[in-house]
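Taken together, the values in this text are just the output of simple stated rules run on the coordinates, not laboratory data. Model, not experiment: these values are computed from the prediction. Cβ: placed from backbone, ideal geometry, glycine included. Neighbour counts: every protein chain shown.
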Amino acid sequence: MLFSIRTGMDDVNNVLVLTTFAGSVVAVIVGYLLAWRAKRAAYRRAGSLMTAVVAGFAGLVALAWAISAVMPLPPPDGTSLWGPLVFLLVFSPLPLGALYISAKFIRRAVRDECK
């Protein structure tokens, strides 16, 4: 009985995570399409801000995950520092790219607002 309760709870958590991920992907796609193809400036601004918010949040979460994966730095057990540094170098372009996309769309929303 304990196994079935635990499996049911894991399924609920998986559904929540997948729903959040799918909603974020849809929000970025819709926001990008609005920012790119909308006729009215208000729709372009809303699409740019929606894309910027979702991409910025994804970048912050990914950055927090990457930092927590290598903390504490340097390792307290005396192991080599190269492993965590290589991990950061490999995975740091992902959150930095998301933050860059967020900054580009925020700049686009502000630029459209001034016109």
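Structure notes:
- Pairing residues of the stretch 34-45 that are over 17 Å from Ile106 (Cβ atoms) with residues that are among the small types (Gly, Ala, Ser) and surrounded by fewer than 20 Cβ atoms within 10 Å (Cβ to Cβ), at Cβ distances under 7 Å and at least 6 apart in sequence or on separate chains, gives no pairs at all.
- Single match in Pro76, Pro93 (criterion: out of contact with any strand residue (DSSP E or B) (no Cβ under 9 Å at 6 or more places or on another chain), closer than 30 Å to Gly47 by Cβ and of a type outside the set (A, V, I, L, M)): Pro93
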